[in-house]
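The values are calculated or read from the model by the stated rules, or taken from the named source; none is laboratory data. Values in this document were obtained by computation on a predicted structure and should not be read as measured data. Methodologically, a virtual Cβ is constructed for each residue, glycine included, from the backbone with ideal geometry; neighbour enumeration extends over all protein chains shown. Areas reflect the complete protein model, heavy atoms only, side chains present, ligands, DNA and RNA absent. Shrake-Rupley method; radii C 1.70, N 1.55, O 1.52, S 1.80 Å.
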Amino acid sequence: MKKDEIKNEMLQLAEYISGSKEITDLAIIGTIDCIFNKRFPVGVTTKKLQKEFFKLDRKEQKELLIEFLQML
């Protein structure tokens with residue numbers, strides 16, 4: 001999975017958490033929490049997202065997190 005695909009998956013998870021297309025700050029933080037703390041919302045397959053995220057090298061992980069956090 002490429003970095004852009006992972007970012008899209010993260011955005012979909014954030015939309016799911018916020019309950020709408022309007023992504024809330026809490027949903028962004030919740031998405032990051034899901035990836036790093038293995039907390040998975042019911043009905044959402046995030047284990048694959050987590051595995052793919054950690055397959056990226058450290059630099060790509062950092063860039064992706066910075067992009068995602070800039071949405072706050």
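Observations on the model:
- Restraint check, K7/K48; K2/K48; K7/K51; K21/K62, Cα-Cα greater than 23 Å: K21/K62
- When you work out D = kT/(6 pi eta Rh) for segment 7-72 at 4 °C and 1.567 mPa s, using the Kirkwood radius from C-alpha pairs as Rh and the Stokes-Einstein form, the result is 110 µm²/s.
- Inter-label distance, nm, simple model (7 Å from Cα along the C-beta direction), K59/E15: 3.1
- Computed over protein heavy atoms with a 1.4 Å probe, the carbon and sulfur contribution to the accessible area of the chain reaches 52%.
- The residues of the chain expose, per residue, 68 Å² of accessible area to a 1.4 Å probe.
- When the trypsin sites (Lys or Arg not before Pro) in segment 18-72 are filtered for DSSP coil states and for at most 16 other beta-carbon atoms within 10 Å of their beta-carbon, the remaining sites are K21, K38, R39.
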